[in-house]
Structure formats: structure tokens, C-alpha cells
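What follows is a set of notes on a single structure, which appears directly below.
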There are 2 protein chains.
Amino acid sequence: MPPAPGDREARRKDVSEAVWHVLADRGFGGLTLRAVAAAMGASTGMLMHYFPTKRALITHALDLLEKRTAERPRRAHPAAGLATVRAMLLDILPLTPDDTARNRIWVSSWDLSLADDGLTTDQADRYTRLRSTLRPHLEAARDLGELPAAADPDQLAASAVAFTHGLVVQALFDPGRFPRDVQITMLDDFLASTALPRSDGGSRPDAGISVRSY
Amino acid sequence: MPPAPGDREARRKDVSEAVWHVLADRGFGGLTLRAVAAAMGASTGMLMHYFPTKRALITHALDLLEKRTAERPRRAHPAAGLATVRAMLLDILPLTPDDTARNRIWVSSWDLSLADDGLTTDQADRYTRLRSTLRPHLEAARDLGELPAAADPDQLAASAVAFTHGLVVQALFDPGRFPRDVQITMLDDFLASTALPRSDGGSRPDAGISVRSY
DNA sequence: GGATGCATAACAAGCGTTCGGTACGTAAGC
DNA sequence: GCTTACGTACCGAACGCTTGTTATGCATCC
């Protein structure tokens with residue numbers, strides 16, 4: 001076999017693929033060196049060649065999770081304000097198989113993260129970053145008059161993330177109860193309820209409809 | 001040592017206590033027979049005497065989690081409608097150390113639950129039950145005029161659960177960012193935004209204040 | 001004395017990790 | 001232009017440890 005000292009990164013990518021596969025159907029609790037090695041038809045010795053310890057592999061798995069989350073295909077931001085917020089939250093929901101796998105792995109990682117102080121703060125930082133990404137668009141929405149002038153963008157970001165991730169968890173456990181349209185409708189209703197009533201006539205009962213036009 | 005053939009149930013309770021302790025600071029990933037035995041100063045043989053297999057112990061742990069959730073001290077329901085919904089959701093949030101431990105264990109169980117089909121449907125059923133508990137009070141709120149007449153209580157229950165559990169997760173990872181008052185304020189704002197504007201004068205910006213009087 | 005309650009110790013399986021050995025590619029020596 | 005030397009990539013087996021589980025034995029009670 002060729003040592004080919006250039007494709008070291010390519011090999012690590014193969015490992016990533018195997019790790020992802022194992023994670024997707026056994027979770028972090030089922031992430032074992034032998035399982036990963038078997039998933040790529042290799043030996044555990046080869047694994048250790050690229051990741052000297054299991055902890056390194058776990059760290060890599062979490063990095064991979066973050067990277068794949070950051071690099072996933074995303075909706076274009078249609079317009080400033082709430083419409084962008086809506087697009088960003090839709091990008092989080094498990095609407096496709098890929099999104100479902102990613103979310104499933106994400107939730108699965110919480111057991112580990114809660115048990116390790118370092119991983120706990122890592123996860124907390126990720127949440128902080130996610131809220132920070134959302135905040136400017138909430139500020140824009142407020143400045144556009146889509147939200148009450150007194151609205152606190154930071155707290156609103158936390159609320160939006162809470163709602164979305166809570167919906168993710170329920171949808172993961174009961175996909176039949178939360179198909180694509182239900183998730184989208186719920187998100188739209190949530191956004192409509194935090195938005196100001198629109199000036200063009202619609203009062204609260206049809207706010208859920210009007211928000212979809214953002 | 002006394003065989004004392006009456007306190008078999010008492011002994012199982014001791015085991016429960018040890019299981020709880022292990023779960024609380026190592027999660028389901030750290031739930032091992034020896035860890036539980038050590039936590040109660042006993043042997044693994046004694047454990048097997050009460051729980052013939054590890055799966056039995058895991059099942060017991062999940063039952064225990066559900067039981068302690070059902071039997072936790074709860075707020076009185078102050079008045080019909082949204083006020084009761086608020087009380088029920090406040091009872092979920094990690095506002096006390098006990099609540100935090102329970103929620104932490106709950107989240108930790110998701111890794112296992114997602115990896116096992118049987119446990120997945122168990123968890124889905126639990127969510128269905130939780131929403132069902134919430135629904136009648138949302139219906140009452142709607143009938144009282146606190147919610148739009150067109151509101152769907154079932155979907156609202158799902159939204160409320162989503163928001164609350166999403167907030168739980170963020171609070172578990174970052175207790176400093178989500179102390180007691182912040183959690184309560186966020187919940188109140190959420191409820192206020194789904195509620196109809198109150199007829200006694202308050203418009204949207206202070207809805208967050210008015211809801212607290214429910 | 002037989003049944004119950006439990007500790008002790010051993011078990012096989014699986015874990016993360018280590019290690020010797022092999023195949024390959026590159027670079028240097030003459 | 002062979003040969004030698006060396007570093008990289010990887011396998012396969014083994015290590016020591018922990019896991020869940022089982023077997024043995026000794027108390028204690030009825």
C-alpha cells in the first residue's frame with residue numbers, strides 16, 4: 001500500500017466519514033475505536049496512527065459536528081429582519097435526512113458534554129455563538145418595526161434558539177407527529193407571535209399566515 | 001447481615017438513590033454496575049440480586065426518572081387558563097438544584113433513547129403525555145379569551161414544550177447566563193407573546209409585565 | 001435446615017492502548 | 001543505477017483494564 005505522504009488529510013477525511021456513520025446510528029455511547037475501524041474496513045492501529053487517543057477522536061468528532069453544521073447547505077437570506085431569522089431557524093430544523101442525522105448526533109453529544117466540564121463550556125460557547133449570529137438580524141427586525149421597540153435582541157435570540165432546539169428534540173423522537181409542514185408551521189406561528197401585528201390589516205388570528213410572506 | 005425479608009422494597013430504594021447519584025454526575029454514559037455498587041458501599045452481586053441484568057437497571061433508572069418527575073413538588077394551580085400553564089412550565093425549568101439534576105439526567109438519557117428503538121418510542125410517548133397534560137389548560141385559556149379563538153391547543157402545547165425544553169438545555173449548559181429570574185422572564189415573555197393582548201389597556205410592549213399577574 | 005441476602009471471586013467479552021513487523025516510497029552513497 | 005538507509009502507513013496480535021455476568025460460599029433468619 002502507498003504511504004503517499006500527501007493524502008494524510010484525505011485519510012483523516014475517510015476516518016471522519018466512518019465516525020459520522022457510527023455516530024449517526026449508535027450515538028456517542030456507541031462510538032468505539034473498533035466500530036469506527038470496522039466502518040471503514042481498517043484496523044484500530046490505523047486509527048491510532050491518525051488520532052493518538054480516543055479522547056482525540058472524540059474531540060475530532062465534536063469538531064466535525066461543528067464543521068458540518070457550519071458548512072451545511074443553507075437557505076439564502078431573502079430580506080433583512082425577521083425573514084432572515086426565519087431562514088436561519090429553518091436551517092436548524094430536521095427537515096431533511098441530513099439535518100436529522102446532524103441533529104441526532106448533536107443531541108447525542110449532550111450526555112458526554114454534560115459529564116465533562118471542558119465539553120460543557122465548549123457547548124455553552126457554541127450556544128453563545130449561535131445566539132450572537134441571530135442577534136443582529138433581530139436588531140434589524142426591531143429597527144424595521146417588525147418587533148416591539150422595547151424588545152431585547154439578546155433575550156429574543158435565546159428564546160428563538162430555545163424554541164427551535166426544543167422542537168428539534170421532539171421531532172427527533174416523534175418524526176411522525178412532526179413532519180416537515182408541521183415544523184414549519186410551528187416555527188412560523190412562533191415568529192408571528194413574537195412579531196408586532198402587521199400594519200396592513202391582519203390582526204392576531206391570521207398572524208401565522210402573514211408571517212409567511214416575510 | 002440481616003436478610004430481613006420485608007424491606008426488599010426499601011433496599012430497592014437504596015439502589016435507586018445510588019443510581020440517581022451516579023446519573024446526576026456522570027450521566028447514563030457513566031452508569032455502570034460497579035459505580036452504582038460503590039455509590040452505596042455494596043457489591044455488584046447484591047445489585048444483581050435486585051436487578052438481574054444491566055438492562056433491567058437501566059429500565060429502572062428510566063422509570064425512576066419518570067417517577068421522580070411525576071412526584072416532584074409542584075406549584076399549585078392558581079387559576080384556570082394561562083396561569084396554570086405558566087405554573088406547569090415553571091415546574092419544568094431547572095430553577096432549583098433538584099430540578100437541575102432531574103433535567104440533567106433527562107437530557108443525558110436522550111443519547112441512549114435515540115440509539116434504541118424501544119426507548120425512542122417510550123420517550124415519544126412521554127412527550128405525547130406531557131403535551132396532553134398541558135392541552136386542557138390551553139383549551140381553558142382559549143375559552144377564557146386569553147388565547148385567540150382560532151388557536152390550536154395541541155400545537156400550542158407542542159410549542160410550549162419546545163420552548164421550555166429548549167430553554168432547559170441552554171440553562172443546563174450555561175447556568176450563569178440563565179439564572180432563575182432570566183428563565184422566568186423568558187417564559188413569561190413567551191407566554192405573553194402567545195397570549196392575546198389584554199383588554200384592560202396594556203398593549204404589546206408591556207405584555208411581559210401583564211402576564212405575570214395571571 | 002432450608003431459604004434468603006449478600007460478599008467474594010472468578011469469568012468471558014469488549015474496551016483503549018501498545019507494539020513488533022511488514023510493505024512501500026523517498027533520499028543518499030558510491 | 002543499483003544499493004543502502006530511513007521514514008511513513010498500516011496490520012494483527014497482544015496487553016492490561018473494565019465491563020456485565022455467573023458461580024461459590026457464608027452468614028442470618030424462620
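Listed values, structure above:
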quantity	calculated
Calculated label separations, residue B:56, copies of the chain, 7 Å along the beta-carbon direction, nm	4.3
Nearest-0.05 FRET efficiency for residue A:74 and residue A:10, computed from C-beta distance (R0 22 Å)	0.30
Estimated D of the protein assembly as shown in µm² per second, where Rh is the Kirkwood radius over Cα pairs and Stokes-Einstein applies at 10 °C, 1.306 mPa s	68
Listed peptides B:56-65, A:45-54, A:177-186 by packing density, highest first (mean Cβ within 10 Å)	B:56-65, A:177-186, A:45-54
Stokes-Einstein diffusion coefficient of segment A:60-162, Kirkwood radius over Cα pairs, 10 °C, 1.306 mPa s, in µm²/s	107
Portion, in percent, of the accessible area of chain A that falls on carbon or sulfur, probe 1.4 Å	54
Rel. contact order, % - alpha carbon contacts under 8 angstrom, at least six apart, segment B:8-68	32
Förster radius 41 Å - calculated FRET efficiency between residue A:59 and residue A:185, Cβ distance, rounded to 0.05	0.60
Within 10 Å of each Cβ in A:115-124, the average number of Cβ atoms from other chains	3
Sequence-distant lysines (8 or more away, or on other chains) whose Cα lies within less than 25 Å of residue A:67	A:13, A:54
Accessible area, probe 1.4 Å, largest first, for residues B:92, A:105	B:92, A:105
Nm distances between copies for residue A:30, ranked from closest, using label points 7 Å along Cα→Cβ	2.4
Estimated FRET transfer efficiency when R0 is 25 angstrom, pair residue A:44-residue A:125 (beta carbons, to 0.05)	0.20
Projected-area mean, chain B, by convex hull of Cα positions, square nanometres	14.0
Inter-copy spacing of residue B:17 label points, which lie 7 Å from Cα along Cα→Cβ, given in nm from shortest upward	5.4
HN-Hα J in Hz across segment A:82-91 - Karplus 6.51, -1.76, 1.60, θ = phi - 60°, x for Gly and Pro	4, 4, 5, 4, 4, 4, 5, 6, 4, 5
Segment B:107-123 and segment B:9-53: distance between their alpha carbon centers, rounded to Å	20
Per-residue mean of C-beta atoms belonging to partner chains within 10 Å, peptide B:166-179	6
Net charge, residue B:77 excluded, C-beta distance under 14 Å - Lys, Arg +1, Asp, Glu -1	+2
Heavy-atom accessible surface that B and A bury in contact, both chains counted, 1.4 Å, Å² to 100	3800
Average beta-carbon neighbours from other chains, 10 Å sphere, peptide B:8-20	0
Packing-based order for B:164-170, B:111-117, using average beta carbon neighbours within 10 Å, highest first	B:164-170, B:111-117
For segment B:8-68: rounded, prolate or oblate by the Cα gyration tensor [a/c cutoff 1.5]	rounded
Relative contact order (%) - chain A, alpha-carbon pairs under 8 angstrom, separation at least six	18
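The values are calculated or read from the model by the stated rules, or taken from the named source; none is laboratory data. As the structure is a computational prediction, the values presented were derived from the model and not from experiment. All Cβ positions, even for glycine, are placed from backbone atoms using ideal geometry, and neighbour counts span all protein chains on display. Side chains are part of the model used for accessible areas, which takes the heavy atoms of the whole protein and leaves out ligands, DNA and RNA. Shrake-Rupley method; radii C 1.70, N 1.55, O 1.52, S 1.80 Å.
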